Structure formats: C-alpha cells, structure tokens
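The values are calculated or read from the model by the stated rules, or taken from the named source; none is laboratory data. Remember, predicted model here, so these are calculated numbers, not experimental data. Here Cβ is always computed from backbone atoms with ideal geometry, including for glycine, and neighbour counts include all displayed protein chains.
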Amino acid sequence: MTQPASHIPTLVTDRLILRGATRADVLPFRDMMSEPRTQYMGGPFDARGAWQFLTGAIASWQLDGFGGWILENRTTGAFLGEVMIAQPPRFPEPELGWTLTHDAEGQGFAFEAAQSALTWWWSHTDKQTLVSYVSPANARSAALAVRLGAQPDSNGPWPDGEDADETTVYRHRRPQ
C-alpha cells in the first residue's frame, strides 16, 4: 500500500484515524462525492470533480500547511469520509469542512473528526478564528457547526460568487 505524504499529520481519536489520502481512497472518495447529499457543496460530482476535491485537499498541505484528512474507522479500517481545513482561491479565509459517506452519518464521526481537526488547528496556528461555510438548507451541518462551538457570523465574508441565500458563515473562535 502507498503511504500518505509524510508532511500530513496523522491524528487519532477514540474511533477514528485522520490521515493523508492514499491511492486506495480514490474510489470510495469518488463514490462519496457522487452522492446526492453533496448538493450542499456543489455536487454531486463526477469522477473528475471528485479527483479535483481529493487532490486539492492533498495539495493544500503543500501550499498552506493545512488541508484534508481521510477518515478511517480505527477498528475496521473502513473509509468514512473526509474532514479538511482548506482555503481554495475563492475562499476569503480558511474553512473547516466535512463530508461523510452515507453509512457513516448520524454516528458522531463528523463531530469527532472536526473536533480533532480544530484542536490541531489551534495548536499549529496563531489564528484566532476559523470558519465553516454551510448551506442554509443543510440543517445537519449547521447543527454540527454549532455543536462544535461556532456561531453564525453575519459580517463574515462569503466565498466568491456566494451570498446569504447560498451560504451561512459559521465562526469558530480560539478557546480561551
């Protein structure tokens, strides 16, 4: 098996391993990104679009020092999704985002992974805030952002080409 790039840190939680992507993740990632649930992030995506998302998450580590982690079930080794902190060119600031496979939803994996990513972020940057961009129609992601401690920021800038009808900016603040 190909090992993930050494500059992507591996994070371990009670139930998850957050790690860099490998070639073995390409097909499950593509399948996840082709699901109708990805409509809130511009999907569903074809194989090319899924590849661009995956490679963008990897490239972010090289370009910015932060990026995406694959979520792996610590017990079974199953692919569960992705959590990432990224700032593609159209994002005015870094964003914490998450996407899970259909089978992984509703089990607290996104919260566990996002909480681990937030802890990593606060310990590796001096930034005081981080955002999550959430579609107003995506009640589950909005609830997760709030559960993680983020609050809607009506003054937060939206990604290029988006507005309040398409995106709510949730702001995470550095713990005191």
Consider Met41 against the criteria (1) closer than 25 Å to Ala164 by Cα; (2) among the aliphatic types (A, V, I, L, M); (3) at pLDDT 95 or above: it satisfies all of them except one. Which criterion is unmet?
-> (3)
Cross-chain or 6+ apart pairs with Cβ under 9 Å, region 10-33 first and in contact (Cβ under 8 Å) with a residue 40 or more places away in the chain and at negative phi, then assigned to a helix (DSSP H, G or I) and β-branched (Val, Ile, Thr) = Leu11/Thr119; Gly20/Ile58; Ala21/Thr55; Ala21/Ile58; Met32/Thr38
Does region 24-45 contain any residue that is farther than 26 Å from Pro136 by Cβ and small (Gly, Ala, Ser)?
-> yes
Of the numbered conditions (1) part of a loop (DSSP other than H, G, I, E, B); (2) without any contact (Cβ under 8 Å) to a residue 40 or more places away in the chain, Ala143 satisfies every one except a single condition; which is it?
-> (1)
Name the residues in region 37-75 that are under 18 Å from Leu27 (Cα atoms) and of a type in the set (Ser, Thr, Tyr), would you?
-> Thr38, Thr55
Report yes if Ala114 is among the small types (Gly, Ala, Ser) and either modelled with pLDDT under 95 or within 27 Å of Gly156 (Cα to Cα) (or both), otherwise no.
-> yes
